[in-house]
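Asker: The structure is given below, and queries will be raised subsequently.
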Amino acid sequence: MDVARIDRRGFLAGMFAAGAAVSASANGGRGETAMPAGNGPLKVCVFSDLHYHPGRWTNTEDMSFMEKILARAERERCDMVIHCGDLLHGVRKPEQKALLKLYNNFKVPGYHILGNHDQDGNPYEETCEAYRMPDGHYSFDKGGFRFVVADPNYFCNEPGKFIHHGRGNYFKRVKGSTINWIPPEQLEWMRSVIVGSPYPCIVLSHQSFERGHGAPVMNSKEVRAIFNEANAKKPGTVRLVMNGHLHIDHLRILDGILYWDVNSANYQYYAKRHDKYPEEYMKTHRSAWNNIGWKEPLSAILTMWPDGRIKIDGSKSDWLFGVSPTDAGYPLFDEDGRETHPEIQSVDLAFKVAIDKR
Ligand SMILES: [Fe+2]
């Protein structure tokens, strides 16, 4: 595989002092001990937007998509699994509890982030508890990296009054409301855990911090200013920012940071219905006519080395029932010009870093 080389100035390699122990915090209370920093690469199985909802969306008639993703994580000997939100539409139903039991108790430790839908069926605090998160936003250190989980699932019916998603309340927001905010206190928290972090930071959020369209985070410029402030002070502090939500596979390098739109494990959504799936299937998947599904689940293996290399081994599937967006009369590209396809691309980036001799 070709290795792209991207120049970055003055990366602080000294942060990877051999043997420096990193203690995990806010990791759901499991008391794991993180690997010592600098002990080699960290391997993470990544997926997003499974939208497990039996009876409604494509590929959710059983847990096989989840099982296949977890089997890959185990096969590839990953250190952890993480999803970029919209795993579920609530945590109260027996089938939702069953999926969570599988994910939370799997032998490879699984982490969660909140999507806009994960608390549709209950207050968001209940989802946090079931997801073993201390709050919607939290951070933990693992394998010499700091994972910063952001929570932009807030809307404003009036300026400055931030309401967290819960029980589907955002479907009833008033005319003129705005959605996808990082409230000021959370912005401050992000600054406190990112700027001056002793470890390179991986930032996760369900909604995008870099998109122009497709419901990006409203105050994403302020968030990116924190990333850039951190990198100006200590180059290489923020190296990867990941999101789900748009069910699109895309990579972009902005201000020397890799921004990754993680594709859905399952399908693309369209507001307009189609009639291309078999009638029998529609009887058991009542909203699948709003989906263009993938045949097999998509996931990626993200491997990160302390010296700046980031490798993504994606996956490729096919259209469910052979029906593409074009076949169903949908556009292939979204407003940002990003293409819907059943794939997570692979890439191998070696960020050229300078050694700090201090
Ligand atoms: Fe979403």
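The values are calculated or read from the model by the stated rules, or taken from the named source; none is laboratory data. All values reported here derive from a predicted model rather than from experimental measurement. When we count neighbours, we look across all protein chains shown, and the Cβ atoms used for this are built from the backbone with ideal geometry, even at glycine. Ligands, DNA and RNA are stripped out before the accessible areas are found, and what is left, the full protein with its side chains, is counted by its heavy atoms. Shrake-Rupley method; radii C 1.70, N 1.55, O 1.52, S 1.80 Å.
Asker: Per-residue HN-Hα couplings for segment 57-63, Karplus 6.51 cos²θ - 1.76 cosθ + 1.60 at θ = phi - 60°, whole Hz, x for Gly and Pro?
Answerer: Going residue by residue, I get 8, 4, 6, 10, 6, 8, 9 Hz, with x marking Gly and Pro.
Asker: Return the long-range amide H neighbours of S48 (sequence gap of 5 or more, or a different chain), with a cut-off of under 5 Å between placed amide H atoms.
Answerer: Answer set, sorted by chain and number: C84, A265.
Asker: Which of rounded, prolate or oblate describes segment 56-115 when judged by the alpha-carbon gyration tensor and an a/c cut-off of 1.5?
Answerer: prolate
Asker: Need the list of lysines near K234 for cross-linking: C-alpha distance under 18 angstrom, and skip anything on the same chain fewer than eight residues off.
Answerer: Within reach: K352, K357.
Asker: Quick one: check the C-alpha center-to-center distance for segment 76-96 versus segment 116-151, whole angstrom.
Answerer: 11 Å
Asker: Moving to a separate point now. Give the whole-number value, in cubic angstrom per residue, of the convex hull volume spanned by the C-alpha atoms of the chain.
Answerer: 132 Å³
Asker: Another one. Taking 24 Å as the cut-off for C-alpha to C-alpha distance, list the pairs among K161/K272; K93/K283; K68/K295; K43/K221; K93/K295 that go past it.
Answerer: In this structure, K161/K272; K43/K221; K93/K295 exceed 24 Å between Cα atoms.
Asker: Oh, and also: Below 8 Å between Cα atoms, with a sequence gap of 6+, how large is the relative contact order for the chain in percent?
Answerer: 22 percent
Asker: Might you report the magnitude of the Cβ-based charge dipole of segment 100-222 about its Cα centre, with Lys and Arg at +1 and Asp and Glu at -1, to the nearest 20 debye?
Answerer: 260 debye
Asker: Could I ask something else about it? Over segment 4-352, with the other protein chains present, what is the accessible area per residue in square angstrom, probe 1.4 angstrom?
Answerer: Heavy-atom SASA per residue in segment 4-352 reads 40 Å².
Asker: Per residue of segment 148-155, what does 6.51 cos²θ - 1.76 cosθ + 1.60 with θ = phi - 60° give for ³J(HN,Hα)? Whole Hz please, x for Gly and Pro, Karplus curve as stated.
Answerer: Karplus-based 3J(HN,Hα) across segment 148-155 equals 10, 9, 9, 9, x, 7, 10, 10 Hz.
Asker: Roughly how many whole Å is it from the C-alpha centroid of segment 256-279 to that of segment 282-310?
Answerer: Their Cα centres are 9 Å away from one another.
Asker: Next question. Using amide H atoms built in the peptide plane, which far-off residues or other-chain residues are under 5 Å from L254 H to H?
Answerer: Y259
Asker: May I pose another question? Taking the Cα centre of segment 4-352 as origin, sum charge times position over the Cβ atoms of Lys and Arg (+1) and Asp and Glu (-1), and report the length of that vector in debye to the nearest 20.
Answerer: My answer is approximately 460 debye.
Asker: Same structure again: What 222 nm value per residue comes from the helices of the chain, counting each DSSP H run with n ≥ 4 as -39,500 (n - 2.57) and dividing by all residues, nearest 500 deg cm²/dmol?
Answerer: Calculated mean residue ellipticity at 222 nm is -5000 deg cm²/dmol.
Asker: If you fit an axis through the alpha-carbon atoms of helix 220-233 and take the longest principal axis of the Cα set of the chain, what angle between them do you get, 0 to 90°, nearest 10?
Answerer: In the chain, helix 220-233 runs at an angle near 20 degrees to the longest axis.
Asker: Taking the Cα centre of the chain as the origin and placing charges on Cβ (Lys, Arg +1; Asp, Glu -1), which of Y124, V91, F333 is farthest toward the positive end of the dipole?
Answerer: The Cα lying farthest towards the positive end belongs to Y124.
Asker: Hey, what did segment 39-80 get for relative contact order, percent, Cα under 8 Å, at least 6 apart?
Answerer: Worked out over segment 39-80, it gives 52 percent.
Asker: For the chain, list the cysteines whose Cβ sits under 4.7 Å from no other cysteine Cβ?
Answerer: C84, C128, C156, C201
Asker: Near A230, within a Cβ-to-Cβ distance under 13 Å, what is the net charge of the other residues, with Lys and Arg +1 and Asp and Glu -1?
Answerer: +4
Asker: If we sort 273-279, 68-74 on the protection proxy, mean other Cβ atoms within 10 Å, highest first, what's the order?
Answerer: 68-74, 273-279
Asker: What share of the DSSP beta bridges in segment 4-352 is antiparallel, in percent to the nearest 5?
Answerer: The answer is about 60 percent antiparallel.
Asker: Also, I was wondering about something else. Can you find, among G136, I179, M63, the residue farthest towards the positive end of the dipole of segment 41-200? Put +1 on the C-beta of Lys and Arg, -1 on that of Asp and Glu.
Answerer: M63
Asker: While we're on this one: Take each of the peptides 196-206, 212-222, average the number of other beta-carbon atoms within 10 Å over its residues, and list them starting from the highest.
Answerer: Highest to lowest by the protection proxy: 196-206, 212-222.
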